[in-house]
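Notes follow once the structure below has been shown.
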Amino acid sequence: MSEVNLDLTRAVEQIYPSREALQAVLASGRKLTIYHGVDPTGPHLHLGHATNLILLRRFQEAGHKIIFLIGDFTARIGDPTGKMSARQALSADEVRQNFITFRRQAAKVISFRGPNRATVVWNSRWLGRLRAAEILELMGKVTVQQMIERDMFQARRKNGKPIWLNEFLYPLLQGYDSVALEVDVEVGGNDQTFNMLMGRDLLRAYRGREKFVITTTLLVNSKTGGKLMNKSEGGLINLDDSPEVMYGKVMALPDEVIFSIAELCTLTPTATIADWRALHPRDAKMQVARAAVTLYASVTAAAKAEAAFVATFQKGGAPTEMSEVRAAAGERLGAVLIRAGAVSSQAEWRRLVLAGAAREVAGGIITDSHLTIGRPLELKIGKHRFWRVTIT
């Protein structure tokens, strides 16, 4: 078993039923079918998805079959995991628009070409066809007690928040994906453990076969405890960001998360990452930014992005490429930036404005945290964040 292809320690938090059982199957030479699913609740894959994609890549390079599942049906319900309130339901059209570029984004890490190409599937193909009798049979595989034990549901009950029946159905429907695909392994973040183990139980109930579950480490800020790469935390780094924008976003990350990015979201050898820890934080960040852009774009693109970054910040100017968000005239700038993930909250935006850390690139410092948008803007937020606001 090659460490390069099948390292079952890096970024791996837990393996069910056990690491030893999976290693025994792999040692037998049997080729497995491994899948990872993503609900298209937004239009971008980001570095939070990359951890799972990189693990899929290792399995693919070792000759195993990879399935990249797009949860176009489950996205319309919304995964309740970790949510204190129900997600807003998405329409079929909204979901379709979100996943239109998912394959191209995932292809930056796994291969959809060649003799062992990964395949893309959509779970609406089977979930959308389930009849009432089949749904009742599915619901009969789990008890209310099992569902209500979930921490998030307990928290909602304690706080008097509603729990909707469709949210109960979500783990069952995600779990049924394993039944429909008859997979050997599912890969997902450790926050998906309940849902993935539900699939393991259902596969045994319906098909009488085992499924391994590999949970991966989430990107978390060790100081705040907050999960990175979501809009509530800010700082989204999308896999389809331009090289220049991606490089700048990595440089804008807090120092304490940079080695997690290197370990979980790049292909950099562990020994090299250990060497980077001895560097000045700025220099370490540049190494990580270069490694990220190299993986998701190319070596040439990474070199150009680094050169542009150095030139920009030595001269105090602005990059030619910026993250972009669309807004309507009259919207509050802070609300638009929060929606885009440029800042994490109104409180952060207010702090930035009060500190004089938000300004127009070609203008003055923004002094009003309630500023409304009346024209296109190019903004510098903090040291390394640049955003272009266009008017729709």
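Each reported figure results from applying straightforward, stated rules to the coordinates on display, with no laboratory input. These numbers were taken from a predicted model, which means no experiment stands behind them. Here the Cβ positions follow ideal geometry from the backbone for every residue, glycine too, while neighbour counts run over all protein chains shown.
What number, in percent, do you get for the relative contact order of the range 12-216 if the mean sequence gap of Cα pairs under 8 Å and at least 6 apart is divided by its residue count?
28 percent
Taking a ≥ b ≥ c as the square roots of the Cα gyration tensor eigenvalues, with a/c under 1.5 meaning rounded and otherwise prolate when a/b beats b/c, else oblate, which class fits the chain?
oblate
Between the range 236-279 and the range 36-70, what is the C-alpha centre distance in whole Å?
19 Å
Please give the residues of the range 353-392, grouped as numeric ranges, whose backbone N is less than 11 Å from a label point set 7 Å along the Cα-to-Cβ vector of residue 335.
Hits in the range 353-392 for residue 335 at 11 Å: 372-373.
Need one number for the range 249-392: average projected area of the convex hull over its C-alpha atoms, nm².
9.2 nm²
Can you sort 385, 10 by how many other beta carbons sit within 10 Å, fewest first?
Listing 385, 10 from fewest to most nearby Cβ atoms yields 10, 385.
In the range 12-216, what % of DSSP beta bridges are antiparallel (nearest 5)?
If we restrict to bridges inside the range 12-216, about 20 percent are antiparallel.
Please express the Cα-Cα pair-distance distribution P(r) of the range 323-391 as a list of whole percents, one per 5 Å bin, running from 0 to the bin with the greatest distance.
Result, from short to long distances: 3, 20, 33, 32, 11, 1 percent.
How do 321-327, 115-121, 262-268, 221-227 rank on mean C-beta neighbours within 10 Å, highest first?
262-268, 321-327, 115-121, 221-227
Just to confirm a number: summing +1 for Lys and Arg and -1 for Asp and Glu over residues other than residue 33 whose beta-carbon lies under 12 angstrom from that of residue 33, what do you get?
Here the count lands on +2.
Going by amide H atoms built from the backbone, whose H comes under 5 Å of the H on residue 12, apart from near neighbours?
217
Residue 10 to residue 221: extension gain in nm, 0.36 nm per residue of separation minus the Cα-Cα distance?
Stretched fully, the residue 10-residue 221 segment lengthens by 74.2 nm.
Please report the antiparallel percentage of DSSP beta bridges with both residues in the range 323-391, rounded to the nearest 5.
Close to 65 percent.
Could you size up the charge dipole of the chain around its Cα centre, putting +1 on the beta carbon of Lys and Arg and -1 on that of Asp and Glu, and report it in debye to the nearest 20?
Computed about the Cα centre, the dipole is about 360 debye.
Using a 10 Å cut-off around each Cβ, can you sort 168, 68 from fewest to most neighbouring Cβ atoms?
Taking fewest neighbouring Cβ atoms as first place, the list is 168, 68.
At 7 Å along the Cα-to-beta-carbon direction for both residue 149 and residue 27, put a label point, then send me their distance in nm to one decimal.
Simple spin-label model gives 3.2 nm for this pair.
Using only alpha carbon pairs under 8 Å that are at least six residues apart, calculate the relative contact order of the range 235-392 and give it in whole percent.
It comes to 24 percent, rounded to a whole number.
Determine the relative contact order of the chain: mean sequence separation of Cα pairs under 8 Å and six or more apart, normalised by residue count, in whole percent.
Dividing the mean separation by the residue count of the chain yields 15 percent.
In Å and from the alpha-carbon atoms only, list the Rg and Dmax of the range 17-84.
14.8, 44
Jot down the radius of gyration and Dmax of the range 243-315, Cα atoms only, both in angstrom.
When restricted to Cα atoms, the range 243-315 yields Rg and Dmax of 11.3, 34 Å.
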